[in-house]
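Here the structure comes first, spelled out in structure tokens, and everything after it is commentary.
All of the numbers you see were taken from the coordinates with simple rules; none came from a lab. Only a predicted model underlies this, so the values are computations on that prediction, with no experimental measurement involved. Using ideal geometry, Cβ is built from the backbone for each residue, glycine included, and neighbour counts are taken over all protein chains shown.
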Amino acid sequence: MTKRKPSQRPAASPARKPSRAPAEPERAAKAAIAHEARSIPSSPDKVKLTLSVSLSREQAERLTARAIREGRNLEALVAQLLEAESE
């Protein structure tokens with residue numbers, strides 16, 4: 001392995017062409033989910049989508065307390081709330 005001199009930088013990779021996004025939001029959403037989400041083998045009509053949510057501490061505590069009262073985990077509660085909102 002040859003050492004590079006500090007002044008030598010690796011060649012820049014060629015710039016990627018931005019992908020063309022579909023014009024309609026529904027097509028864009030379908031393409032995004034196909035790319036980002038993972039299928040759930042036991043529920044073929046559902047996908048696992050990982051996201052981060054920023055909430056105030058008060059909101060997070062309220063949601064967590066609700067999940068505990070309902071005997072559920074926070075992930076299931078948030079999924080239910082999102083599903084109900086999207087209908």
Starting from the Cα-Cα distance between residue 46 and residue 82, subtract it from 0.36 nm times their residue separation and give me the gain in nm to one decimal. 11.6 nm
Additional length obtainable on full extension of the chain from residue 61 to residue 29, 0.36 nm per residue less Cα span: 8.4 nm
Hand me the trypsin sites (Lys or Arg not before Pro) from segment 28-87 located in a DSSP loop with no more than 14 other Cβ atoms within 10 Å, in residue order please. 72
Around residue 40, with a cut-off of 11 angstrom between Cβ atoms, what is the net charge of the other residues, counting Lys and Arg +1 and Asp and Glu -1? +2
Just to be sure I understand the model, the point goes 7 Å from the Cα along the line to the Cβ. What's the resulting residue 38 to residue 72 distance in nm? 2.2 nm
